[in-house]
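*Asks:* Below: one structure in structure tokens.
The values are calculated or read from the model by the stated rules, or taken from the named source; none is laboratory data. Because the structure is predicted, anything quoted here is derived from the model rather than measured. As a convention, Cβ positions derive from the backbone with ideal geometry for all residues, glycine included, and neighbour counts pool all protein chains shown.
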Amino acid sequence: MRKKINCILLIDDDKATNFLHNEIIMETNLVERVVEVLSGYEALEYLEKMEDGKYPQPDIIFLDINMPAMSGWEFLEEYDKLDEGKKAKIVVVMLTTSVNPDDKDKAKSKGLINGFFNKPLTFEMIERVIDENF
């Protein structure tokens, strides 16, 4: 039996995509809770806000690349500046509809990225990320 992880943070500017991804993640029964935010700014605020005396530190962050105001790449630049105690515990995964191969190459070159998938997120993708990292 797989170990259940505590939290996944979804960062995507599209509410419908977040809703769909949340439903798929919860169907796996491998995650206690999902937090959805609509921008990189909201994600940074969430990561820096204490809950019950500690920072939330989600186990996995699924991050959209193309968002207005702050792209996934810009989020990663700011995320990298956070104290270690405010970052995700293990995995940051990029999600995109982009067919640009440069995006995948750029993701591979970033030390913070543990995966790169095309949307939509699937049951199999979630299982793979959890199996490979937990």
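*Asks:* Given (1) charged (D, E, K, R); (2) at pLDDT 95 or above; (3) under 29 Å from Arg2 (Cβ atoms), where does Asp52 come up short, assuming only one miss?
*Replies:* So the condition that Asp52 fails would be (2).
*Asks:* Name the pairs whose Cβ atoms lie under 7 Å apart, with the first residue in the range 68-85 and among the hydrophobic types (A, V, I, L, M, F, W, C), the second surrounded by 13 or more Cβ atoms within 10 Å (Cβ to Cβ) and not in a loop (DSSP other than H, G, I, E, B), and 6 or more positions between them or separate chains?
*Replies:* Going by the 7 Å Cβ cut-off, the qualifying pairs are Ala69/Tyr41; Met70/Gly40; Met70/Tyr41; Phe75/Ile11; Phe75/Gly40; Phe75/Ala43; Phe75/Leu63; Leu82/Leu47.
*Asks:* In the range 53-68, is there at least one residue being within 23 Å of Phe134 (Cα to Cα) and hydroxyl-bearing (Ser, Thr, Tyr)? Show your work before the answer.
*Replies:* We begin by selecting, within the range 53-68, every residue within 23 Å of Phe134 (Cα to Cα); these are 54-64.
Applying the additional criterion that residues be hydroxyl-bearing (Ser, Thr, Tyr) yields 55.
Yes, there is a match, as at least one residue in the range 53-68 is within 23 Å of Phe134 (Cα to Cα) and hydroxyl-bearing (Ser, Thr, Tyr).
*Asks:* Looking at the range 6-27, is at least one residue over 15 Å from the mean Cα position of the chain (by Cα) and surrounded by 12 or more Cβ atoms within 10 Å (Cβ to Cβ)?
*Replies:* No - not one qualifying residue is present in the range 6-27.
*Asks:* Within the range 90-108, is even one residue assigned to a loop (DSSP other than H, G, I, E, B), surrounded by fewer than 18 Cβ atoms within 10 Å (Cβ to Cβ) and modelled with pLDDT of 80 or more?
*Replies:* Checked against the condition, which is being assigned to a loop (DSSP other than H, G, I, E, B), surrounded by fewer than 18 Cβ atoms within 10 Å (Cβ to Cβ) and modelled with pLDDT of 80 or more, the range 90-108 yields no hits at all.
*Asks:* Is there any pair with a first residue in the range 1-21 that is without any contact (Cβ under 8 Å) to a residue 24 or more places away in the chain and a second that is part of a loop (DSSP other than H, G, I, E, B) and of a type outside the set (Ser, Thr, Tyr) whose Cβ atoms are under 6 Å apart and which are 6 or more apart or on different chains, and what are they?
*Replies:* Note: pairs meeting the criteria are Asn18/Asp12.
*Asks:* Next question, about the same structure. Just the residues that are surrounded by 16 or more Cβ atoms within 10 Å (Cβ to Cβ) and farther than 22 Å from Tyr79 by Cα, please, taken from the range 29-42.
*Replies:* The answer is Leu30, Val31.
*Asks:* Next question, about the same structure. Would you mention how many residues in the range 43-81 are surrounded by fewer than 19 Cβ atoms within 10 Å (Cβ to Cβ) and in a helix (DSSP H, G or I)?
*Replies:* Within the range 43-81, residues that are surrounded by fewer than 19 Cβ atoms within 10 Å (Cβ to Cβ) and in a helix (DSSP H, G or I) number 7.
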